[in-house]
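Let me begin by presenting the structure, written as structure tokens, before commenting on it.
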Amino acid sequence: MKLVVVCPHFAPDIAPTGTVMTRIVAELASRGHELHVITALPWYREHAIEEGWESKLWRTEKTTWGSITRVNPFPGKSKSNLLRRALGFLAFSVLVAWRGLFAGGALSRIDGVLAMSPPLTLGMTGRLITAVRGGRLVFNIQDVFPDAAVTTGAIRHPLIIAVAEWLERLSYRVSDSVVVLSDDLADNVRAKMKPTRRDRVTVVPNFVDTQAIVPSSRMTLYRTELGIANEIVVMYAGNVGYSQSLDMVLDVARSMPSVTFVINGDGSARAHLESSAKGCTNVKFIGYQPLERLSEVLATGDIHLVPLRSGLARVSVPSKTYSIMAASRPVLASIDPDTEIPRLIERAGAGVCVGPDDTDALRSALTQLVESAELRTALGNGGRAWVERHASPTAVAVAYEGLFTPDR
């Protein structure tokens, strides 16, 4: 097959969705397919185009399996300027569409487009490319937008919400397949589609690279760099935003001074959290680390947190959970009950779940894990065993391959 892939991030960008798409492309390429990726210049780390990548609207590089074209994402430092962000997404999507028409041969026939959301605008970008070049549009939904943004309060204006909801439904309608990460997300998306189109929704979970992320000693070089000795480390690794209830984590940290808490990442809430944590000497804030250090970073934590604000678990699936499990570390999730992550953790025997935004429950569960090395080991082993059996990159690639060849 000859496919065009449109996505907001791709290696060497460090965004989690970029890691996911990079490996999907690699797996599809290993199965003999030709792929042409249209993505953004690396910008996720600081919400600015990284040094060495500036000065051009787009750059194209040939690969053994096709090509990668990176275009300017028009990033803005402030996430609160919604108009600026919307215009940036629109300009980025227009550039992606333009380059997508020429990728792998100008206007030549392709078998389809794999498009990733957010941003939601890439759905219509993918449809434009397939309208000109043929093939099927497979629309990958990582977070249901605008639901997640509305729930967190990031979008409040009724007109903006209405326009986003219209674009969301239109994107689903023009897609040949809509891929979501969990049954909860599938229910959400199907409810917004005509009954005759609901069979287009398919659940394909994100995978984890069990060769790149491996169980290893907790006494890492990263601990040394952070000035951490043998004490228990509770880690949050990921986007530091307002969806994650990290203020609650700070409250718990203040009551557990003998435990070191590491918040590893960047995002719109980090400055606020660092200000709130002043005087809390057992909390460390560290920026994103290179992707090649991910296994080491995860090994540094004895317990990993997956906190998500109330109401968000049905529109978002924290993919970091799979990586934590691959590192053989226990997961402590503060998240809506009876949703994908609690069900996953229970099936795998990989951790403990408490309700969202419940400081006392989080503190109690964390105390139990801190006090029992045997429990931590058992839960970590359970998680590793589960991902080895069920979340391989090859299985995910085969699922996507089938969506482009439904009649075979």
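The values are calculated or read from the model by the stated rules, or taken from the named source; none is laboratory data. It should be emphasised that the depicted structure is a prediction, and the values quoted were computed from it without experimental measurement. Note: ideal-geometry Cβ built from the backbone for every residue, glycine included; neighbour counts use all protein chains shown.
Using the structure shown, decide if Ala385 is part of a helix (DSSP H, G or I) and touching a Leu at 6+ places or on another chain (Cβ under 7 Å). Break it down stepwise before answering.
Details: part of a helix (DSSP H, G or I): yes; touching a Leu at 6+ places or on another chain (Cβ under 7 Å): no.
So Ala385 fails the test.
Those residues that are of a type in the set (Val, Ile, Thr) and more than 21 Å from Leu369 (Cβ to Cβ), I need them from the stretch 211-232; list them, please.
To start, the set of residues in the stretch 211-232 that are of a type in the set (Val, Ile, Thr) comprises 213-214, 220, 224, 228, 232.
Listed by number, the residues that qualify are Val214, Thr224.
Looking at Ile303, Ile345 in this structure, which one is in contact with a Pro (Cβ under 6 Å, 6 or more places away or on another chain) and either closer than 30 Å to Ser258 by Cβ or hydroxyl-bearing (Ser, Thr, Tyr) (or both)? So that I can check it myself, show each step before the final result.
Values: Ile345 fails: in contact with a Pro (Cβ under 6 Å, 6 or more places away or on another chain).
Sole residue among the options that is in contact with a Pro (Cβ under 6 Å, 6 or more places away or on another chain) and either closer than 30 Å to Ser258 by Cβ or hydroxyl-bearing (Ser, Thr, Tyr) (or both): Ile303.
Please state which of the following conditions Val398 fails to meet, knowing it meets all the rest: (1) under 29 Å from Ala26 (Cα atoms); (2) buried (at least 21 other Cβ atoms within 10 Å of the Cβ).
It fails just one condition, (2).
So that you can scan it fast, the table gives a plain yes or no per residue for (1) under 22 Å from Met325 (Cα atoms); (2) aliphatic (A, V, I, L, M); (3) buried (at least 22 other Cβ atoms within 10 Å of the Cβ):
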| position | (1), (2), (3) |
| --- | --- |
| Met248 | no, yes, no |
| Ser255 | no, no, no |
| Ser258 | no, no, no |
| Gly279 | no, no, no |
| Ile286 | yes, yes, no |
| Glu296 | yes, no, no |
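If a residue has to be out of contact with any Leu (no Cβ under 7 Å at 6 or more places or on another chain), outside any strand (DSSP E or B) and not acidic (Asp, Glu) to count, how many in the stretch 13-52 make the cut?
Residues flagged as out of contact with any Leu (no Cβ under 7 Å at 6 or more places or on another chain), outside any strand (DSSP E or B) and not acidic (Asp, Glu) within the stretch 13-52 amount to 21.
Go through the residues of the stretch 171-183 one by one and say whether even a single one is modelled with pLDDT under 95, within 21 Å of the chain's Cα centre (by Cα) and surrounded by fewer than 20 Cβ atoms within 10 Å (Cβ to Cβ).
Yes, that holds for at least one residue.
Among the listed residues Val234, Val252, Val201, Val208, identify the single one that is of a type outside the set (D, E, K, R), in contact with a Phe, Trp or Tyr (Cβ under 7 Å, 6 or more places away or on another chain) and either farther than 30 Å from Ile141 by Cα or modelled with pLDDT of 95 or more (or both).
On the way: Val252 fails: in contact with a Phe, Trp or Tyr (Cβ under 7 Å, 6 or more places away or on another chain); Val201 fails: in contact with a Phe, Trp or Tyr (Cβ under 7 Å, 6 or more places away or on another chain); Val208 fails: either farther than 30 Å from Ile141 by Cα or modelled with pLDDT of 95 or more (or both).
Residue meeting the stated conditions: Val234.
Taking the conditions exactly as written (crowded, with 20+ Cβ neighbours inside 10 Å, at negative phi and at pLDDT 95 or above), does Leu375 satisfy them or not? Write out each step before concluding.
Details: crowded, with 20+ Cβ neighbours inside 10 Å: no; at negative phi: yes; at pLDDT 95 or above: yes.
No.
Mind listing whichever residues of the stretch 363-382 are free of Cβ contacts under 8 Å to residues at least 60 places away in the same chain, part of a helix (DSSP H, G or I) and of a type outside the set (Asp, Glu)? Before you say what the answer is, go through the steps one by one.
At the first step, the residues of the stretch 363-382 found to be free of Cβ contacts under 8 Å to residues at least 60 places away in the same chain are 364-365, 368, 371-375, 377-379, 381-382.
Then keep just the ones that are part of a helix (DSSP H, G or I); that gives 364-365, 368, 371, 373-375, 377-379, 381-382.
Selection gives Ser364, Ala365, Gln368, Ala373, Leu375, Thr377, Ala378, Leu379, Asn381, Gly382.
Can you name the residue in the stretch 246-259 that is without any contact (Cβ under 8 Å) to a residue 60 or more places away in the chain and assigned to a helix (DSSP H, G or I) and is also farthest from Glu292 (Cα to Cα) among such residues? Steps first, answer last, please.
First, the residues of the stretch 246-259 that are without any contact (Cβ under 8 Å) to a residue 60 or more places away in the chain: 247, 250, 253-254, 257-258.
Okay, now just the ones that are also assigned to a helix (DSSP H, G or I), so 247, 250, 253-254.
Values: Asp247: 29, Leu250: 28, Ala253: 29, Arg254: 32 Å.
In this case the residue turns out to be Arg254.
Suppose we filter the stretch 46-76 for residues that are within 24 Å of the chain's Cα centre (by Cα) and among the small types (Gly, Ala, Ser); how many remain?
Residues meeting the conditions: 3.
Take the stretch 50-78 and flag every residue that is at positive phi and modelled with pLDDT under 90.
Step one: list which residues in the stretch 50-78 are at positive phi, which gives 52, 55, 66, 74.
Selection gives Gly52, Ser55, Phe74.
Among the numbered criteria (1) modelled with pLDDT of 95 or more; (2) in a helix (DSSP H, G or I), which one does Ile160 miss?
(1)
Given the options Leu120, Leu90, name the one that is of a type in the set (A, V, I, L, M), under 25 Å from the mean Cα position of the chain (by Cα), surrounded by fewer than 20 Cβ atoms within 10 Å (Cβ to Cβ) and modelled with pLDDT of 85 or more. Lay out the reasoning, then the answer.
Numbers: Leu120 fails: surrounded by fewer than 20 Cβ atoms within 10 Å (Cβ to Cβ).
That would be Leu90, the only listed residue that is of a type in the set (A, V, I, L, M), under 25 Å from the mean Cα position of the chain (by Cα), surrounded by fewer than 20 Cβ atoms within 10 Å (Cβ to Cβ) and modelled with pLDDT of 85 or more.
For the stretch 328-345, which residues satisfy the criterion of being within 13 Å of His304 (Cα to Cα) and in contact with a strand residue (DSSP E or B) (Cβ under 6 Å, 6 or more places away or on another chain)? I'd like the intermediate steps shown before the answer.
Quick first cut of the stretch 328-345, residues within 13 Å of His304 (Cα to Cα) only: 328-334, 345.
Of everything in the stretch 328-345, those that are within 13 Å of His304 (Cα to Cα) and in contact with a strand residue (DSSP E or B) (Cβ under 6 Å, 6 or more places away or on another chain) turn out to be Arg329, Pro330, Val331, Leu332, Ala333, Ser334, Ile345.
One line per residue, one yes/no per condition, for (1) at positive phi; (2) assigned to a helix (DSSP H, G or I); (3) in contact with a Pro (Cβ under 6 Å, 6 or more places away or on another chain):
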position: Ala164; (1), (2), (3): no, yes, yes
position: Asp184; (1), (2), (3): no, yes, no
position: Arg197; (1), (2), (3): no, yes, no
position: Val214; (1), (2), (3): no, no, no
position: Ser217; (1), (2), (3): no, no, no
position: Ala229; (1), (2), (3): no, no, no
position: Gln244; (1), (2), (3): no, no, yes
position: Gly267; (1), (2), (3): yes, no, no
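Tell me, please, whether a residue that is surrounded by 20 or more Cβ atoms within 10 Å (Cβ to Cβ) and under 19 Å from the mean Cα position of the chain (by Cα) can be found in the stretch 348-365.
Checked against the condition, which is being surrounded by 20 or more Cβ atoms within 10 Å (Cβ to Cβ) and under 19 Å from the mean Cα position of the chain (by Cα), the stretch 348-365 yields no hits at all.
Within the stretch 193-227, track down each residue that is touching a residue at least 60 places away in the same chain (Cβ under 8 Å), within 30 Å of Val283 (Cα to Cα) and aliphatic (A, V, I, L, M). Spell out how you get there, then give the answer.
At the first step, the residues of the stretch 193-227 found to be touching a residue at least 60 places away in the same chain (Cβ under 8 Å) are 202, 204-210, 212-218, 220-223, 226.
Checking which are within 30 Å of Val283 (Cα to Cα) leaves us with 208-210, 212-218, 220-223, 226.
Scanning the stretch 193-227 gives Val208, Ala212, Ile213, Val214, Leu221, Leu226.
I'd like the full set of residues that are surrounded by fewer than 19 Cβ atoms within 10 Å (Cβ to Cβ) and on the phi < 0 side of the Ramachandran plot, limited to the stretch 298-311.
Initial filter on the stretch 298-311 (surrounded by fewer than 19 Cβ atoms within 10 Å (Cβ to Cβ)): 310-311.
Once the filter is applied, which keeps residues that are surrounded by fewer than 19 Cβ atoms within 10 Å (Cβ to Cβ) and on the phi < 0 side of the Ramachandran plot, the stretch 298-311 yields only Ser310.
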